[in-house]
Each structure stands twice: as C-alpha cells, then as structure tokens.
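Notes to accompany the following structure.
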Amino acid sequence: MKRLFAVLALLGAVTVATPAWAEDKPTAAPVATAATAATEVSAAAGAEAAAPAAAPAAVANKGDNAWVMTSAALVILMSIPGLALFYGGLVRSKNMLSVLMQVFVTFSLISVLWVVYGYSLAFTEGGGFFGVFDKLFLKGITVDSVAATFSKGVVISELAYVIFQGAFAAITCGLIVGAFAERAKFAAILVFMVLWFSLSYVPMAHMVWYWAGPDAYVDAAAGEAATKTAGFLFQKGALDFAGGTVVHINAAIAGLIGAIVIGKRIGYGRESMAPHSLTFTMIGASLLWFGWFGFNAGSALEASGGAALAMVNTWVATACAAMSWMLAEWMLKGKPSMLGAASGAVAGLVAITPAAGFVGVMGAMCIGLLAGVICLWGVNGLKRMLGADDSLDVFGVHGVGGILGAILTGVFADPSLGGTGVYDYVANKVGDYDMTAQLISQLWGVGTVIVWSGVVSLVAYKLVDMVIGLRVPEEEEREGLDITAHGETAYHY
C-alpha cells in the first residue's frame with residue numbers, strides 16, 4: 001500500500017504541474033462557448049435608460065438536450081454491461097469476474113476523475129494540448145450553463161455535455177484492459193488508468209475536439225483568431241466525428257504497449273485459451289451496437305438530420321463489416337463463426353466512428369466492408385507479425401479499424417463522393433473540398449495519437465511496474481484472477 005500511495009502522490013505532483021504546459025488564458029465552455037451572460041445593468045438612477053439593451057441569454061433546446069442526455073446513457077450502456085460482457089465472454093471462465101471488475105471499476109474511477117479535473121483540462125481554453133483548471137469539480141457550471149453545438153445560435157445544457165463526454169472518457173479507458181486480460185494486477189491497472197487518462201486521453205480530447213464554437217466565426221479575422229485558441233489537431237483540420245483518434249486508436253496503442261510490456265500469458269500458443277462464453281460475447285457485441293447509436297449520432301449534439309445521418313451510417317457500416325468479416329472467414333476457414341460476426345460488427349462500429357457524420361451512406365458501406373476484411377487481417381496476420389499477446393485483440397480491431405476509419409474519413413467526406421464536406425462558418429456554407437489536404441490533416445491526427453499515446457503509455461507502464469509491479473505471480477495466473485484477486489468465482493457448478 002505504501003508504494004500505491006507513493007504513485008498516487010507522484011500523480012498529484014504531475015497533475016498540479018500540468019497548467020504550466022498550457023497558457024493561462026480565460027476559460028471557455030465545452031466544444032464551443034455561446035455568449036449567455038447578459039451585460040450587467042447599473043442600478044443607479046438613469047443608468048438603465050442609457051445602457052444598451054442586453055442580449056437575451058441563449059436557452060438550450062429541449063429536444064437537443066433530451067437527445068444528448070439519452071445518448072450519454074447509451075454510451076454508459078456500451079461500457080457497463082456492453083463492453084464488460086463482450087470482454088468477459090472472450091476470456092477463460094477463471095478470469096470472467098476479473099474482467100467484469102476491471103471494466104466496471106475503471107468506468108467508475110474515470111467518471112470521478114472526469115468531474116474532478118478531466119472535463120476542465122479537456123474543454124476549457126488553454127494551450128493546444130491542455131485546457132486549464134478553472135472548472136475543477138465542475139466549478140461554475142450551473143443548470144443555466146450552456147455549451148454550443150455545431151450550429152450558430154444553438155446550445156445545449158453544459159451539464160448534459162459534461163456527462164456525454166465523460167462517458168466517452170470512461171469507455172476509452174475500459175477498452176484498454178482487453179489487451180492484457182488474465183494477467184495484470186488489479187491495483188496496477190487502476191494506477192495506470194489514472195496516469196494514462198490524465199496524460200493521454202485528456203490532452204487528445206482537447207487537441208481534437210476543443211474549439212471556440214461556431215458563434216465565434218463572425219468574419220474571417222474573428223474566425224482566424226478563434227481557430228488559434230483551438231486544440232492542436234483541430235487547428236490542423238483533422239476530422240474526428242465521434243472518436244476514431246481520441247477513443248479507439250488512443251486506447252489501442254495503450255493496449256498494445258501494455259501487452260508487450262507485461263508479456264504473454266503463461267501457456268500462450270501452447271494451451272487452449274478459447275473464449276469461455278460466446279453467448280456473453282454476442283450479447284455484449286449487441287449492446288455495443290445498440291449503445292453506439294448514442295456514441296456516434298449523439299456526437300452531432302443536436303437532434304438533427306446530421307444525427308440521423310450518423311445513425312444510419314452506424315447501422316449500415318456495422319452490418320457490412322459483420323458480413324464481410326464472416327464471409328472472408330468462411331472462405332478462409334471453411335466455416336462462419338459467431339465470434340467472427342461479432343468481431344466484424346465491432347470493427348465496423350470502430351471504423352465508422354470518425355466518419356459517421358461526414359460521409360454519405362455509400363461511403364459508410366464501403367468503410368464497413370473494408371473494415372471487416374482488414375480487421376480480420378489485423379487480428380490474425382498483423383498480430384502474428386507483431387508477436388504480442390493482445391488477449392482480446394484490442395489493437396487488431398480498435399487500432400486497425402480506427403486508423404482505417406480516420407484515413408477514409410478524408411476520402412468519403414468529399415461531397416463528390418456523397419459526403420458532407422467541411423462547413424465554413426465564416427461563409428456559412430460548405431467550403432471547397434480538397435481531398436489531398438484533408439488526407440494530410442487526417443494523417444496528422446493518426447500520427448499524433450500513435451506517438452502521444454505510445455510514449456505516455458510506455459512511461460506509465462514502466463513507472464507502475466517499478467512501484468507496484470504489473471503482473472500477478474505465476475501461481476495466481478494459473479489459478480485464475482477471479483479467486484486470487486477478488487476472492488469470487490463467476491460460476492458455481
């Protein structure tokens with residue numbers, strides 16, 4: 001325990017030092033700030049008549065609010081029970097509860113950290129990589145606080161935006177545990193999550209998603225000034241509708257590094273490590289698909305046609321990926337498998353995530369079909385090439401699928417291919433589309449998250465290993481983590 005407290009103390013020192021990395025600028029509301037505070041009118045006699053009329057406070061649209069809050073609940077469903085059951089069914093029965101516990105407690109831990117400081121650092125105006133601490137513990141956010149959407153003059157409740165984005169943060173960290181399932185210490189996982197969330201997820205969310213909002217783009221000069229306050233990758237023009245870089249590639253790189261640093265499971269490649277319950281895996285995959293409508297369509301931040309497009313794309317791309325994975329596996333192995341269909345569906349969900357609101361339906365179908373086949377290669381051929389024991393194929397699905405989707409977003413967002421293009425908020429219309437320039441922007445996003453998450457993850461794993469130790473002893477791994485780590489078993493026969 002002393003070593004655990006030492007790591008937490010070190011984290012506190014690192015976190016307190018974070019503001020030094022960002023310029024100390026006035027805070028801004030999440031994603032975009034709508035001007036909501038009316039000018040205070042003097043109570044002195046005659047001052048009211050002389051003062052200009054105050055602009056009316058922006059009021060959140062109830063329909064948009066309801067959609068974002070519902071979407072937040074759907075994203076929570078993706079984590080618990082969706083992801084937990086999907087992962088739990090894939091491990092051996094002696095480790096079922098350990099995986100459920102890791103996902104459940106990681107979700108709880110990150111939810112708390114999001115409220116304490118994560119939201120503030122991700123969605124306030126600071127530097128290109130971090131915000132500032134002005135909204136610690138959601139300070140200053142009230143029932144009347146609003147956050148802008150992607151339409152001028154349209155806002156939602158900031159509290160709704162807080163929980164929506166917090167659910168994203170929580171599931172991202174939960175994705176990582178699948179890469180080193182069945183062999184990592186529970187305490188080590190939790191300490192790693194605190195470090196990685198603080199130094200990888202939060203800055204990536206700020207880099208990609210923080211901007212001053214559409215209402216700041218009143219003219220070219222104002223737009224240029226507003227863009228300079230945005231996150232680093234937003235300034236580069238990288239498109240990520242719902243988290244291809246921030247969520248999937250980010251988590252996949254952390255998982256791959258963890259699988260390499262922690263090492264292979266005992267008996268890997270020699271003993272059977274088949275999933276103990278594909279029934280649970282299928283149920284988990286289905287809950288993920290259902291919840292993903294909130295993940296992707298909710299990222300429109302409005303109950304709009306754009307949200308409907310993201311929903312249709314999420315539906316059809318996932319179906320295409322499930323079919324393409326299953327058919328490719330059928331051709332290669334002679335039989336279609338339930339695991340293949342479920343894995344293909346998740347691959348499609350991952351790949352369409354960055355593109356969901358930017359591409360047309362045909363583009364979504366192409367992305368889904370490609371994701372099924374390429375991610376099948378990712379969990380077979382690429383996995384053998386890397387030589388890492390990525391237990392539940394986090395990198396093969398989320399890494400490969402996320403990279404594929406992020407790059408193809410730059411292709412299929414082109415209006416000539418049915419995409420929406422990129423909206424010009426100064427001209428108030430869709431701008432001219434340059435596919436080459438957009439692909440370069442997408443590669444900036446992919447490259448940045450690979451390097452950033454890779455470095456942060458490696459340092460965090462090494463630090464935790466030195467202080468706590470990452471891996472359980474061999475005898476505990478052989479017996480199973482359910483009993484040795486938690487004193488429980490999933491099944492009593």
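Structure data summary
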{"read-out": "Test: residue in segment 394-406 that is part of a loop (DSSP other than H, G, I, E, B), modelled with pLDDT of 95 or more and open to solvent by 20 Å² or more (accessible area, probe 1.4 Å)", "value": "no"}
{"read-out": "Subset of segment 352-393 (residues that are surrounded by 21 or more Cβ atoms within 10 Å (Cβ to Cβ) and in contact (Cβ under 8 Å) with a residue 60 or more places away in the chain)", "value": "T353, P354, A355, A356, G357, F358, V359, A388, D390, S391, L392, D393"}
{"read-out": "Filtered residues of segment 223-253 (kept if touching a residue at least 12 places away in the same chain (Cβ under 8 Å), in a helix (DSSP H, G or I) and of a type in the set (A, V, I, L, M))", "value": "A226, L233, V246, V247, I249, A251, A252, I253"}
{"read-out": "Flag if V449 is at pLDDT 95 or above and under 30 Å from S416 (Cα atoms)", "value": "yes"}
{"read-out": "Subset of segment 149-172 that is of a type in the set (S, T, Y) and surrounded by 22 or more Cβ atoms within 10 Å (Cβ to Cβ) - its residue that is farthest from T124 (Cα to Cα)", "value": "T172"}
{"read-out": "Residue match in segment 482-493 (condition: among the small types (G, A, S) and touching a helix residue (DSSP H, G or I) at 6+ places or on another chain (Cβ under 6 Å))", "value": "yes"}
{"read-out": "Of all residues making up segment 458-493, the number that are within 30 Å of G405 (Cβ to Cβ) and surrounded by fewer than 21 Cβ atoms within 10 Å (Cβ to Cβ)", "value": "2"}
{"read-out": "Tally, over segment 298-313, of residues that are farther than 13 Å from A355 by Cα and either touching a residue at least 60 places away in the same chain (Cβ under 8 Å) or touching a Gly at 6+ places or on another chain (Cβ under 9 Å) (or both)", "value": "5"}
{"read-out": "Criterion (among the basic types (K, R) and free of Cβ contacts under 8 Å to residues at least 40 places away in the same chain) met by exactly one of R183, R270, R265", "value": "R270"}
{"read-out": "Extreme residue, most open to solvent (accessible area, probe 1.4 Å), among residues of segment 426-457 that are of a type in the set (G, A, S) and in contact (Cβ under 8 Å) with a residue 60 or more places away in the chain", "value": "A437"}
{"read-out": "Residue list for segment 150-180, filter: in contact with a Phe, Trp or Tyr (Cβ under 9 Å, 6 or more places away or on another chain) and either free of Cβ contacts under 8 Å to residues at least 24 places away in the same chain or in a loop (DSSP other than H, G, I, E, B) (or both)", "value": "F150, K152"}
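To keep it simple, each residue is scored yes or no on (1) surrounded by fewer than 19 Cβ atoms within 10 Å (Cβ to Cβ); (2) touching a strand residue (DSSP E or B) at 6+ places or on another chain (Cβ under 7 Å); (3) farther than 30 Å from V99 by Cα.
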site	(1), (2), (3)
G126	no, no, yes
L136	yes, no, yes
G174	no, no, no
L199	no, no, no
E224	yes, no, yes
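For (1) charged (D, E, K, R); (2) touching a Ser or Thr at 6+ places or on another chain (Cβ under 9 Å); (3) open to solvent by less than 40 Å² (accessible area, probe 1.4 Å), each residue gets a yes or a no:
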position	(1), (2), (3)
E302	yes, yes, yes
G306	no, yes, yes
N313	no, no, yes
V316	no, no, yes
S324	no, no, yes
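The values are calculated or read from the model by the stated rules, or taken from the named source; none is laboratory data. This is a predicted model, so every value here is computed, not measured. Neighbour counts are summed over all protein chains in view; Cβ atoms, including those assigned to glycine, are modelled from backbone coordinates with ideal geometry. Note: areas computed on protein heavy atoms with side chains; ligands, DNA, RNA excluded. Shrake-Rupley method; radii C 1.70, N 1.55, O 1.52, S 1.80 Å.
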